[in-house]
Every structure is written in structure tokens, then in C-alpha cells.
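Rule-based calculations on the coordinates, nothing more; no lab input. As the structure is a prediction and not an experimental result, all values here were calculated from the model. No Cβ is skipped: glycine too gets one built from the backbone with ideal geometry, and neighbour counts run over all protein chains shown.
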Amino acid sequence: MLARTENPAFEGFSAERGRAFYFAPRVIIGLGEANCASCHLDDPTQAIRAHRAKVLCRACHVIDESEHPDPDHAKKRHLGAFSPAVNPERFRDFDRVERHFEVNCRMVLQRACTAIEKGDLITWLITLR
């Protein structure tokens, strides 16, 4: 319904557009180039300990242990697999999903994601096994 409000010609979500959105590079001033894969990996079926990966999620945690003055006490945030096929809890809580989209879209895109972008991304993620 929201997608049709944004675009009356909307004809359905696209896994292909979702994959392109996930990997599309964006420039974050002061940090460099980033995309969804910067935090959720090229393979969103994999879970990671974010502080041990080379990610651009400085809003939540350090990129790697060398950036933290006390690596043993760096925020060891676990990022579960982004794909709901592997992580069935990923998109179950609507309010939580919306909060994460709000934060991450503003960080990476410098704007809110559209309903079509969110739907396309989730459509693609559902196809991954």
C-alpha cells in the first residue's frame, strides 16, 4: 500500500532491484564509500561479529580492534544473518525493522529509504538460502 502511494504505477517488488540496492555504492562524507554489504557482508546469509569485520558502522561500533583503545572491551556487537531464510527472526518485529531501516538508511543514503526500496531489498533477501 505504501509503495503504491509513493508510485501509483508500482507493479510489485523486485528481487533484482533489491540486490542492486544492497550493493550500490554510496559515499559517506568522512568515511568513504559504503553500501548495505559494508555491514552485512557480500553474503547476507552469514552472521558476523561486527567489531572483527571491516565495516563502516562507526555509529554503533568500531571497525576493528586496532581502532579501540581497549580492544577486549570494544563493543562486540553480533550482527545476525540479514537473510530471513537463515535468520527467521530478522523481519518479524515491524517496529524494530522500521527503526533499523531509519538509522541505516539515514547513515548510508543520507535520507530515509522508500517503501519500494525496503520491499525490494526484503524481497531479494527472502530469495537467499
Next item on the list: Using R₀ = 30 Å, calculate the FRET efficiency as 1/(1 + (r/R₀)^6) where r is the Cβ-Cβ separation of ALA9 and ASP93; round to 0.05.
Entry: 0.45
Next item on the list: Order these peptides, 101-110, 79-88, by their mean beta-carbon neighbour count within 10 angstrom, highest first.
Entry: 79-88, 101-110
Note to self: Can you tally the net charge around LEU121? Count Lys and Arg as +1, Asp and Glu as -1, for every other residue whose Cβ sits under 12 Å from the Cβ of LEU121.
What the structure shows: +1
